[in-house]
Amino acid sequence: MGFLSIIAVLLGYAMLELHRASHTAQQRIDRSRSIIWQVTPDERIRAESDYPFAERTQHVLEPLSRLSQFELPQDNLWLLARSDDTLAMARLTDSWSPQQSVQLSERPAQLTPSYYISELGLNSVLKILSWLPVTREFAPDSLRLGFINTDATPAEIICDREPC
């Protein structure tokens, strides 16, 4: 009887210690996640660009950035170092997404060759050509080079075909 009571006390104490350790570990995980998922980076987080995917895409993006103003930042790996109250964590962010609303149309347009042709002044030439009766489809309101419609949604397409 004494032996079973000692085993019961030890198991009860071990369960309490395991629960306490589990609760502490979960708090560290939650604290680390809240730090790494912040919109504005904390001073404990550092951004890096020396991981295999960034190194490989840099070779592809380097000629693109040399030929145009198109920039795709590669420092999108956020690292949180291990400390007493946090765990080591890493997060890949989407640094390629537009930072301003004007970039919603400018950045995709820079991927099209017609954007650069229109930058050279082809729009002015087409505007003059559109004065001829035979070439009215070259008018600026019908032919827009490098145009990206950021407001196009499937709902608008359905409403064009049938009344909403």
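Brief remarks follow.
- Per residue value of the accessible surface for segment 98-154 (all protein chains in place, 1.4 Å probe), Å²: 75
- Candidate values (i) 108, 47, 24; (ii) 95, 38, 22; (iii) 63, 29, 19, label of the one derived for Cα extents along the principal axes in Å: (i)
- Once exposed loop chymotrypsin sites (Phe, Trp or Tyr not before Pro) are cut out (DSSP; at most 16 other Cβ, 10 Å), longest piece of the chain: 1-36
- With all protein chains in place and ligands, DNA and RNA left out, the 1.4 Å accessible area ranks MET1, MET89 as MET1, MET89, largest first.
- LEU72 contributes about 30 Å² of solvent-accessible surface, heavy atoms of the protein only, 1.4 Å probe.
- In the assembled protein chains, ASP30 presents an accessible area of approximately 80 Å² (probe radius 1.4 Å).
- Between the exposed loop cleavage positions of the chain, defined as trypsin sites (Lys or Arg not before Pro) in a non-H, G, I, E, B DSSP state with at most 15 neighbouring beta-carbon atoms within 10 angstrom, the longest gap is 83-143.
- Distance between the modelled labels on GLU17 and TRP131, one decimal in nanometres: 9.3 nm (7 Å Cα→Cβ projection).
- Carbon plus sulfur fraction of accessible area for segment 1-127, probe 1.4 Å, in percent: 62
- The stretch between VAL9 and LEU87, if pulled fully straight at 0.36 nm per residue, gains 24.8 nm over its current Cα-Cα span.
The values are calculated or read from the model by the stated rules, or taken from the named source; none is laboratory data. Source: prediction; values computed, not measured. As a convention, Cβ positions derive from the backbone with ideal geometry for all residues, glycine included, and neighbour counts pool all protein chains shown. Note: areas computed on protein heavy atoms with side chains; ligands, DNA, RNA excluded. Shrake-Rupley method; radii C 1.70, N 1.55, O 1.52, S 1.80 Å.
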